[in-house]
Amino acid sequence: MSEQKKYMTLNMGPQHPATHGVLKVILELEGEVIHRAIPVIGHLHRGVEKLGESKTYIQNIVYTDRLDYTSAMINNLAYCLAVEKLMNIEVPERAKVIRVIMSELSRIAAHLIWLATHALDIGAMTLYFYCFREREKILDMWEMVSGQRLTPSYIRIGGLLADLPEGFMDKLKEFVDTFDAHVDEYDKLLSKNPIWLARTKDIGIISAEDAISWGLTGPALRGSGVKFDYRKAQPYCGYEEYEFDVPVGSKGDNYDRYLVRMEELRQSNRILKQAIKRLPEGPIKAHVPEIVFPDKDLVLKNIEALIHQFKIGCGGFTVPKGEVYASVENAKGELGFYIVSDGSSMPYRFRIKSSCFVNLSALPEIVKGSMIADVVAVIGSIDIVLGEIDR
Amino acid sequence: MQIVIDGKNITADHGLTILEIAKKEGIHIPTLCFMEKLLPIGSCRMCVVEVEGYENPVTACNTPAVDGMVIRTNTEKIRNMRKDILRFLLINHPLDCPICDKGGECLLQDLVYEYNVDVQPYTIKAPLKEYKEYSTPAIKYHPNRCVMCSRCIRTCREVVGRNVLDIVGNGFDARVEPVNPDRCIACGECLSACPVGALTETVSPTKGRIWQIKRVPTVCAYCGVGCSLELNVLDNKIIKVTTDVNAGMNKGVLCAKGRFGYEFVNSPERLTKPLIRKGNELVETTWDEALSFVASKLTEIKNKYGSDSIAGLASARCTNEDNYLFQKFIRAVIGTNNVDHCARL
Ligand code: SF4
Ligand code: SF4
Ligand code: SF4
Ligand code: FES
């Protein structure tokens, strides 16, 4: 009997409720113990990077919504920051603060999906409804600003789509005031639950050295005790002016990553509170008429604005030759955009650095030698979204 | 002759305008009323440039360069003057771009975007100008979109020689009007000269934006001149005919047939299958049947009455190759010189 015959091969996914999208993992099993796990990706491939080369800089914004679609606004931001850096555009203060608000709401919205589904995968169903109750409120706010709940494309090159509508700040304040108590609620439901502890403690351990050498970012890195967050390391949108902590774990197991994200929910709320106080009056778009769409009410009244709207909308604008890389800390880790411009109105190269892709690549190492049931717990714990992995 | 434009030393021939020299050197000077085939009248003043030692800026399109001139085409002052000219043009301009045929390839749009004219400090209380009949039903004149460059008027006068149009009224009431409408030959030259959407074509009910249509270069099949055309095709349907100034011997000029006579291409009444008369009816048939019927009849007539009892009449709308083959067939196969075509369609 050959060596290979000893293992049983099991396809987990791509139609599996706990693989968070269309991911397939080929498992080679020895009984219930994993000998080898091979993630198979690509089921959700849309060719976003290639498409990016034949779309104008403005059109590309909508593709970024569809990367990690649980937190679309941060993706918009990362892309717009890259283009703005390439074109040397400085956005007004009010826009920056609103961008921070949207980023943190995105982080919370994404973490809520993670918590809901991670708990559900392991069998704790109740929490799912609690998390979605709060996430709905965030989606309602996104709908208010952009008309879209999942794919808002609200953050634009040079600023924002539009100013905050009436009633938004009230909604936001109400959310911020009640959210800490909701996190406590989740905490009570899970943190001391013996089944939860059994499924997360000492499972899926990643050492700090491994995390660094594998290039992990986000909570998957911080869970192992490495204090690294792009909002602190390379602040953007004025993050250096906000007070917040970067929580880290000690052991690097599922439970540590759980605690890190739970604390991040609280820290994001802390940032939101400061942003509400800080939000200044003023314009929400940089004044660069050849690039930034004029206000809609001007377009309906004024031929100069109408012509600019027409020209920018139909042909896009040209971007000076050059290349740029800019990244942000999204809910999963580093989301970066590398753009090469040949001086035309479409990127020559449009490359997306996805933390989900890197973090998923560590899965085979993490689950090697553990039980088959742990795969689901680990996938939930490193928190991936296939929209960003496959692109 | 030595001159300097934007710091570049240039050796140029005498008798050229500043604009002509700049164009040769690849230096861009914006123009609006200027057209290569017309005399430069220097009316829009978009092409202003500064000349060292001159008190006022001059218009590049109709100022001949002289030895030793030092010219600047893009200073702050010049840019501001051009911006102001554009603002004046836009004072009473209608919010038509989304419904204007020219949107996307409009010189006014391009200039406004290039010069970033985004605020309008001037206002005027002038009523919108009324629509009136034009000299041909194939063209519609939108007085409020007109920038008074007079390219249409001068084209009709200098290129077509019909002298149909003129500016009527002055100030904000000024408009282009067909003062000699009876002289109009509906050639559409004025239409193609208009840099904006003030003259539009009424023939095709379907319109397409410049990025939706495909411009297919071809040769006009109407007469022996053989002008170069571009068929503007949207969804496999011709919606407009344009021509490229640099292509063919017609150099951007067309007549009424070439420019407006394209509807037949899409006509549902065109014959696409052969018909044979049976009794009083024309009945659709196959090519095989039709051809063998014609062949047998021609042979019969030729045998009975001789070759000269047959004549061939071809169509000028066919290609040269088709017509060559047709006359060859009549001469060599039928054996008669009775062959002609409808040249004057
Ligand atoms: S003429 Fe040009 S600027 Fe005026 S409405 Fe038409 S496209 Fe717009
Ligand atoms: S259609 Fe031809 S003849 Fe008539 S006004 Fe225009 S340019 Fe003149
Ligand atoms: S109709 Fe067109 S070409 Fe004629 S003056 Fe007006 S803008 Fe110029
Ligand atoms: S282009 Fe020279 S004045 Fe109009």
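The numbers here are math on the coordinates, done by the rules we state, and not lab data. It should be emphasised that the depicted structure is a prediction, and the values quoted were computed from it without experimental measurement. As a convention, Cβ positions derive from the backbone with ideal geometry for all residues, glycine included, and neighbour counts pool all protein chains shown.
For the residue pair A:H35 and B:Y324, what label-to-label distance in nm results when each label sits 7 Å from Cα along the Cα-to-beta-carbon direction?
7.7 nm
What helices does chain A hold that run 24 Å or longer along their axis, going by alpha-carbon atoms, with a Kyte-Doolittle average of -0.5 or more, using DSSP H for the helix calls? Don't jump to the answer; show the numbers that get you there.
Working: long enough: A:93-122 (43 Å, 0.65); A:126-146 (31 Å, -0.18); A:168-190 (32 Å, -0.41); A:254-278 (36 Å, -1.20).
Going by DSSP H runs, the hits are A:93-122, A:126-146, A:168-190.
Please compute the contact order of the stretch A:47-389 in relative form: average sequence separation of alpha-carbon pairs under 8 Å and at least six residues apart, divided by the residue count, as a percent.
Working: 618 pairs, mean separation 91.6, N = 343.
The normalised contact order for the stretch A:47-389 reaches 27 percent.
Pick from B:G42, B:G306, B:G252: which residue has the top mean-square fluctuation in a GNM of chain B where Cα pairs under 10 Å get a spring?
Fluctuation is largest for B:G306.
Taking the Cα centre of the stretch B:2-74 as the origin and placing charges on Cβ (Lys, Arg +1; Asp, Glu -1), which of B:V4, B:T63, B:G53 is farthest toward the positive end of the dipole?
The one lying farthest along the dipole's positive direction is B:T63.
Points 7 angstrom from Cα along the Cβ direction at A:A233 and B:L275: gap in nanometres?
With each label point 7 Å from Cα toward Cβ, the separation is 8.0 nm.
Mind running the shape call on the stretch B:203-270? Use the C-alpha gyration tensor, a ≥ b ≥ c as the square roots of the eigenvalues: rounded below 1.5 for a/c, prolate if a/b tops b/c, oblate otherwise. Don't skip to the end; give the middle numbers.
Working: a/c = 2.15, a/b = 1.27, b/c = 1.69.
Oblate, since a/c reaches 1.5 and b/c is not below a/b.
Who wins for biggest fluctuation among B:L16, B:L32, B:L86 in a Gaussian network model of chain B, springs between alpha carbons below 10 Å?
The residue that fluctuates most here is B:L16.
Can you tell me the 0 to 90 degree angle between the C-alpha axis of helix B:76-90 and the longest principal axis of chain B, rounded to 10?
It works out to around 50 degrees.
Fewest first, what order do B:W211, A:W196, A:W114 take by the number of other Cβ atoms within 10 Å? Kindly include the intermediate steps, with their values, before the conclusion.
Numbers: B:W211 9, A:W196 22, A:W114 25.
By the 10 Å Cβ count, ascending, the order reads B:W211, A:W196, A:W114.
Stick to the Cα atoms of the protein assembly as shown, pair each with every other, and give me the Kirkwood hydrodynamic radius in Å at one decimal.
Numbers: mean 1/r = 0.0313 Å⁻¹.
Result for the protein assembly as shown stands at 32.0 Å.
Just checking the output field for B:88-99: average partner chain Cβ neighbours within 10 Å of each residue's Cβ? Present the calculation step by step, with values, prior to reporting the outcome.
Values: counts 0, 1, 5, 1, 1, 5, 2, 8, 2, 8, 4, 0.
What the average comes to for B:88-99 is 3.
What lysines could a cross-link reach from B:K125, if we take a straight Cα to Cα line under 23 Å and drop same-chain neighbours fewer than 8 places away?
Output for B:K125: A:K301, B:K83.
Using the alpha-carbon centroid of each, what span in Å lies between the stretch A:47-85 and the stretch B:248-311?
58 Å
According to the square roots a ≥ b ≥ c of the eigenvalues of the Cα gyration tensor, what is the shape class of the stretch A:148-218, taking rounded for a/c under 1.5, prolate for a/b larger than b/c otherwise, and oblate for the remainder? Walk me through the numbers before you get to the answer.
Numbers: a/c = 3.69, a/b = 1.50, b/c = 2.46.
It comes out oblate by the Cα gyration axes.
Quick one: P(r) of the stretch B:245-345 from all Cα-Cα pairs, 5 Å bins, percents rounded to integers, in order of increasing distance.
With 5 Å bins starting at 0, P(r) equals 2, 10, 12, 17, 19, 16, 10, 6, 5, 2, 1, 0.
If I stretch the segment between A:T126 and A:E209 completely, what's the gain in nm (0.36 nm per residue apart, minus their alpha carbon distance), one decimal?
On the way: separation 83, 0.36 × 83 = 29.88 nm, distance 3.61 nm.
Between A:T126 and A:E209, full extension yields an extra 26.3 nm.
Just how many % of Cα pairs in chain A lie over 38 Å apart, if you round to the nearest whole percent?
Values: 15917 of 76245 pairs.
In whole percent, the long-distance tail amounts to 21.
Between the stretch A:262-338 and the stretch A:151-167, how far is it from one alpha carbon centroid to the other, in angstrom?
Between the Cα centre of the stretch A:262-338 and that of the stretch A:151-167, the gap is 7 Å.
Scattering from the C-alpha atoms of chain B alone, worked out with Debye: what is log10 I(q)/I(0) at q = 0.06, 0.10, 0.14 1/Å?
The computed values of log10 I(q)/I(0) come out as -0.35, -0.77, -1.22.
Which residue fluctuates most in the GNM of chain B (Cα springs below 10 Å): B:Y141, B:Y324, B:Y262?
Of B:Y141, B:Y324, B:Y262, the Gaussian network model singles out B:Y324 as fluctuating most.
Take the alpha carbon gyration tensor of the stretch B:85-140, find the square roots of its eigenvalues, order them as a ≥ b ≥ c, and report rounded if a/c is under 1.5; if not, report prolate when a/b exceeds b/c, else oblate. Intermediate values should be presented prior to the final figure.
On the way: a/c = 2.69, a/b = 1.39, b/c = 1.94.
Taking the square roots of the gyration eigenvalues as a ≥ b ≥ c, the stretch B:85-140 is oblate.
Go through B:K77/B:K102; A:K85/A:K285; A:K137/A:K171; B:K302/B:K328; A:K50/A:K232 and tell me which ones have a Cα-Cα distance over 20 Å in this structure. Could the numbers behind the result be given before it?
Working: B:K77/B:K102 30 Å; A:K85/A:K285 15 Å; A:K137/A:K171 8 Å; B:K302/B:K328 16 Å; A:K50/A:K232 32 Å.
With Cα atoms farther than 20 Å apart: B:K77/B:K102; A:K50/A:K232.
Got the relative contact order for chain B handy, in percent, Cα pairs under 8 Å and 6 or more residues apart?
Values: 537 pairs, mean separation 34.7, N = 345.
Averaging sequence separation for qualifying contacts and normalising by length gives 10 percent for chain B.
For peptide B:107-117, compute the average count of partner chain beta-carbon atoms within 10 Å of each residue's beta-carbon.
Values: counts 0, 2, 7, 3, 1, 8, 10, 2, 2, 5, 5.
Counting Cβ atoms of other protein chains within 10 Å of each residue's Cβ and averaging gives 4.
Which value, in debye to the nearest 20, describes the size of the charge dipole of the stretch B:1-64 about its Cα centre when Lys and Arg Cβ atoms bear +1, Asp and Glu Cβ atoms bear -1, and nothing else is charged? Don't skip to the end; give the middle numbers.
On the way: 5 positive and 8 negative charges, 46 e Å.
The calculation lands at about 220 debye.
Over the stretch B:2-74, what is the relative contact order in whole percent, taking alpha-carbon pairs under 8 Å and six or more residues apart?
Details: 122 pairs, mean separation 30.1, N = 73.
Once divided by the residue count of the stretch B:2-74, the mean separation gives 41 percent.
Restricting to the stretch B:2-74, compute how many DSSP beta bridges are antiparallel as a %, nearest 5.
On the way: 9 of 11 bridges.
Among the beta bridges of the stretch B:2-74, antiparallel pairing accounts for roughly 80 percent.
Under a Cβ-only charge scheme (Lys and Arg +1, Asp and Glu -1), can you give me the dipole magnitude of the stretch B:203-270 about the Cα centre, in debye to the nearest 20? Display every interim value, and only then the final one.
On the way: 10 positive and 5 negative charges, 31 e Å.
The dipole magnitude comes to about 140 debye.
With charges only on Cβ, +1 for K and R and -1 for D and E, what is the dipole size of chain A about its Cα centre, in debye, rounded to 20?
Numbers: 47 positive and 52 negative charges, 107 e Å.
The calculation lands at about 520 debye.
Using DSSP, restrict attention to beta bridges with both residues in the protein assembly as shown and report what percent are antiparallel, rounded to the nearest 5. Before the final figure, lay out the partial values.
Numbers: 61 of 66 bridges.
Roughly 90 percent of the beta bridges in the protein assembly as shown run antiparallel, per DSSP.
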